[in-house]
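The values are calculated or read from the model by the stated rules, or taken from the named source; none is laboratory data. Note that the coordinates shown come from a computational prediction; the quantities given were computed from them, not determined experimentally. Glycine gets a Cβ as well: all are built from the backbone with ideal geometry, and neighbour counts include every protein chain shown. All accessible areas refer to the heavy atoms of the entire protein, side chains included, with ligands and DNA or RNA removed. Shrake-Rupley method; radii C 1.70, N 1.55, O 1.52, S 1.80 Å.
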2 protein chains.
Amino acid sequence: MDRTAVHPGRALHKVLTMIDETHDPHSETWVESAQEHPDFPLQNLPWGRFMPADGRPRTGMAIGEQILDLNRMASLELLQGEAMEALQKALQEPIGLDAGQRLALRRAVFDLLRVGGRGSDRARAQREHLLHDAKACTMLLPARIGSFSDFNAGIHHTMNGRQMRGDGGGVLPRNYHHVPIAYHARSSSVCLSGTPVRRPLGQTLAKGADKPVYGPVQWLDIELELGIWIARGNELGETIPIEDAADHIAGYCLLNDWSARDIMAWEMDRLGPFLGKSFATTISAWVISPEALAPFRRAAYARDSADEPLQHLLGPEDQRHGALDLQLAVDMRSRSQRDAGEPRHRVVTSSTAYLYWTPAQMVCHHASNGCNLEPGDLLGTGTISGPEPQMFASFRERSRIGTEPFRMGQELRCWAEDGDEIALSAWGNREGYAQIGFGPCQAEIMPATTGPSTKADTRP
Amino acid sequence: MDRTAVHPGRALHKVLTMIDETHDPHSETWVESAQEHPDFPLQNLPWGRFMPADGRPRTGMAIGEQILDLNRMASLELLQGEAMEALQKALQEPIGLDAGQRLALRRAVFDLLRVGGRGSDRARAQREHLLHDAKACTMLLPARIGSFSDFNAGIHHTMNGRQMRGDGGGVLPRNYHHVPIAYHARSSSVCLSGTPVRRPLGQTLAKGADKPVYGPVQWLDIELELGIWIARGNELGETIPIEDAADHIAGYCLLNDWSARDIMAWEMDRLGPFLGKSFATTISAWVISPEALAPFRRAAYARDSADEPLQHLLGPEDQRHGALDLQLAVDMRSRSQRDAGEPRHRVVTSSTAYLYWTPAQMVCHHASNGCNLEPGDLLGTGTISGPEPQMFASFRERSRIGTEPFRMGQELRCWAEDGDEIALSAWGNREGYAQIGFGPCQAEIMPATTGPSTKADTRP
């Protein structure tokens, strides 16, 4: 197994395709709840920010049903050298760790938590001190989100959208093969998994109506996306070469880009969605590292040779290994189903293999005009639908704009209803490797408020 | 003159239409450079963040060619009571001052700087200590910009855009009368006046070409806008009633929404501009307060009665006094003109009277779906063109997409060229009041870099 030190810069091949002992599925951990954990086995080690009962924010790593407290680990001096330096940085600004630091920390923590690993006896002896019960902790945003940009890299979502609009008969827009299309999204309303989502108010125009009305939206929708956290930015006016782009990524999360389709239908002309999406975006709390996802790397989406991207978006390593092969799902249940003790019903399955652009291509494109990315920026991939109806990763596609309800257990749905509990999930699963999951990304829909307190007779 | 204490909340009428002795054009200041200063007379007193030669960031107010150092003013204990409390807050988080605090501070500073004003002898005796030469100082952003949202409230700009696209023959989009249309913009690349703007690289598709190319853009454009700083936000899921909306505004600046029209033409499908604008936005450094602009309040844009906005956007006070009547201009010169000692040439004049929505309506709409605004958010109004060609406030309109060059002294222009120095200005001018200006909002265009360092033969 290769123990070569990894330094940042053009490290895509070295780091992202690197398989080492931290991916060995036979390694055992003394944290019992992590053995064969579907999300957080020893081989995952995602980081996040959390608050235990004492109310002080800290950095941790998810391991089974526990959280490893990195602040306490530092005070115990269980790590040395490069790993200790990385740990110190992880306590200050974890989003900014570079690939070498992430790897040093990953390897050291892997050893500490592994049965027979270096330092594991000392760590195990301190388990009461080092581990928190995850259920007793409150998760925090992993970073202050600078800007949130949302791409449109799900090729089937784009085709479905055009087909349903009767716009080009399902043919992709002309620029789609060349431009990783994106729009600026709203960062202030990004929420962590578990935060209820209030049905927004908005202006909508009913079919055939003369005037819009302002009130609770009817067409409340989800979008199943992957989120990409930026570790390192670029100076304004500088670009990020495709060969370096993957090194700017801190890791990944799940992202539900809640959408009010009736607001969007009325507000959008040429400037994109605004209030139709800015009321809430739900993300999962743990940052899944590129290292943990190394076994699930795959070649970029296979294109027709005529559709090859321009040179500045074509890194050969990125093309060979830069895409991800992760399974995706949406599960949901109504309030009455939950009250009856029913589990959630799976309504969508999909895969990140349907992304037309790699994460590195999105990063490279974003900075290709000199726009400065910053640590803590969040990119969404866009809705990741697959080619079959059960793979349509928004209700708009799944119900064909509300005309073909889909089944949720014994109930039918076209759009999200009040009390619905909607959960996204993502996981990597490949023969010979431990399953790596993203943890929860769920929210319950709360009823709309009645609207702003405008006076009854304010007209002049 | 009314000296009633002003408290935040539904204070639009009280504050924004309040004319008091701080608007008296006959008041004299002992700061000689401020007498009849076109931008920063005694009656303006905008605040900003700056750094004198000693390199420590501080809060100040522009007065003539000087900056009043509020940090030093606090240490001299020249203020008492409410004004001193407001000053303390202005040193910590000036953007968050509420209307009452701003007014208390404005009145106290006005007195200190006025010949014969309360405390003015003590202040004048400390003038060496209190005043910096503005030219020797570096301006800083007045706040950390949370999010930047750009509206499309300039009605003539919208009509011109549609006419030039052959889209509806100059008729407004159907939603225009009801929706203050906006899109999320990029906050990281917002720069202060004086920062050079590098010509961006981007993907563009030449007319008749099969494939796009990546390189320096050709159609580099400006957009003359007003910026609106947010002082106070709202909780996620809550709205901001129109009656309260003006109280969420900290003040105003100029905003040049640089635009690469050739990138936009290729990248935009339905999701709005992205790389076509995210490379740079230039703003003026001083925050012009609603109080300073009180004399230039005017009634909202006159609409056809059939086009009345929905109830939640209709505050009667906002309709009567909520719009602004400010003059706007664009002046520019080429590098060779500058080298020859020519002044800038005026190429656009316009007015904020052409905004179809008031600032309060923009704030109310932005939060009407429960989207949480935050202190330090920046809103752009959109390009403020007037009805005549010399009032078209973008080059795209001014040159009819590059087909009708306009005159800049002895030179002709369709788009911004390297070396061009482009300055926006705004001022209020009304009989019986001192002229209030915004200060500089200018930038010089630098040539593009040659592009990212992709290797020559990276194809597989």
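Observations on the model:
- Applying 1/(1 + (r/R0)^6) with r as the Cβ-Cβ distance of A:MET51 and B:GLU238 and R0 = 22 angstrom yields a FRET efficiency of 0.35.
- Per-residue shielding of A:173-182, expressed as the average number of other chain Cβ atoms within 10 Å of the residue Cβ, stands at 5.
- Computed from the C-beta positions of A:GLU28 and B:VAL213 and an R0 of 51 Å, the FRET efficiency is 0.40 to the nearest 0.05.
- Antiparallel bridges, percent of DSSP beta bridges restricted to the range A:148-446 (to nearest 5): 85 percent
- Mean-position separation - Cα centroids, the range A:377-431 and the range A:49-81, in angstrom: 34 Å
- For the range B:148-446, a simple Cβ point-charge model (Lys and Arg +1, Asp and Glu -1, everything else neutral) yields a dipole of about 800 debye relative to the Cα centre.
- Candidate aspartates and glutamates - alpha carbon under 17 Å from A:LYS135, same-chain residues fewer than 8 apart omitted: A:GLU32, A:ASP39, A:ASP54, A:GLU65, A:ASP69
- Shortest-first distances to equivalent copies, position A:GLU32, nm, label 7 Å out along Cβ: 8.6
- Exam field: A:ARG303 pseudo-label spacings to other copies (7 Å along Cα-Cβ), nanometres: 4.5
- Calculated from backbone phi, Karplus (6.51, -1.76, 1.60) coupling profile of the range B:195-200 in Hz, x at Gly/Pro: 6, x, 10, 7, 4, x
- Remark: spin-label model distance B:GLU417-A:ARG122 equals 6.9 nm, labels positioned 7 Å along the Cα→Cβ axis.
- Percent antiparallel among DSSP beta bridges (both partners in the protein assembly as shown, rounded to 5): 90 percent
- In the range B:108-215, the trypsin sites (Lys or Arg not before Pro) that fall in loop regions by DSSP, at most 16 other Cβ within 10 Å: B:ARG118, B:ARG144, B:ARG174, B:LYS207
- With a simple spin-label model that places each label point 7 Å from the Cα along the Cα-to-Cβ direction, the separation between B:ALA302 and A:GLU431 comes to 7.8 nm.
- For B:GLY202, nonlocal amide neighbours, meaning residues 5 or more places apart or on other chains whose placed amide H falls under 5 Å from its own, are B:GLY215, B:VAL217.
- Residue (of A:LEU378, A:MET362, A:MET446) at the positive-pole extreme of the range A:349-459, dipole from beta-carbon charges: A:MET362
- Local electrostatic count, A:VAL217, Cβ distance below 9 Å [Lys/Arg +1, Asp/Glu -1]: +1
- FRET efficiency, A:ASP339 to A:THR449 (Cβ-Cβ, R0 22 Å, nearest 0.05): 0.40
- Calculated mean residue ellipticity at 222 nm for the protein assembly as shown: -5000 deg cm²/dmol, from DSSP H runs with n ≥ 4 weighted as -39500 (n - 2.57), summed, divided by the residue count and rounded to 500.
- Carbon and sulfur %, accessible surface of the range A:148-446 computed with the full protein complex present, 1.4 Å: 47 percent
- Look at where the Cα atoms of the range B:84-121 and of the range B:298-319 average out, and the two centres are 34 Å apart.
- Rounded to the nearest angstrom and listed largest first, the equivalent-ellipsoid semi-axes of the range B:12-140 from its Cα gyration tensor are 20, 18, 15.
- Per DSSP, loop GluC sites (Glu not before Pro) in the range B:399-438 with at most 10 further Cβ within 10 Å: B:GLU431
- B/A buried area, accessible surface, summed, 1.4 Å probe, Å²: 7600 Å²
- Projecting the Cα positions of A:MET264, A:ALA108, A:VAL287 onto the charge dipole of chain A (unit charges on Cβ atoms of Lys, Arg, Asp and Glu, taken about the Cα centre) puts A:MET264 furthest along the positive direction.
- With label points set 7 Å from Cα along Cα→Cβ, the inter-copy distances at A:ASP339 are 8.0 nm, sorted shortest first.
- Of B:LYS207/B:LYS277; A:LYS89/B:LYS89; A:LYS211/B:LYS277; A:LYS89/A:LYS277; A:LYS207/A:LYS277, pairs whose Cα-Cα distance is over 27 Å: A:LYS89/B:LYS89; A:LYS211/B:LYS277; A:LYS89/A:LYS277
- Charging the Cβ of each Asp and Glu at -1 and of each Lys and Arg at +1, and nothing else, the dipole of the range B:306-460 about its Cα centre rounds to 420 debye.
- Note on B:193-203: average number of Cβ atoms from other chains within 10 Å of each residue's Cβ is 4.
- In the range B:228-248, the residues that give up 20 Å² or more of accessible area when the other protein chains are added, compared with the chain on its own (1.4 Å probe), are B:LEU236, B:GLY237, B:THR239, B:PRO241, B:GLU243.
- Average other protein chain Cβ within 10 Å of Cβ, residues A:377-386: 0
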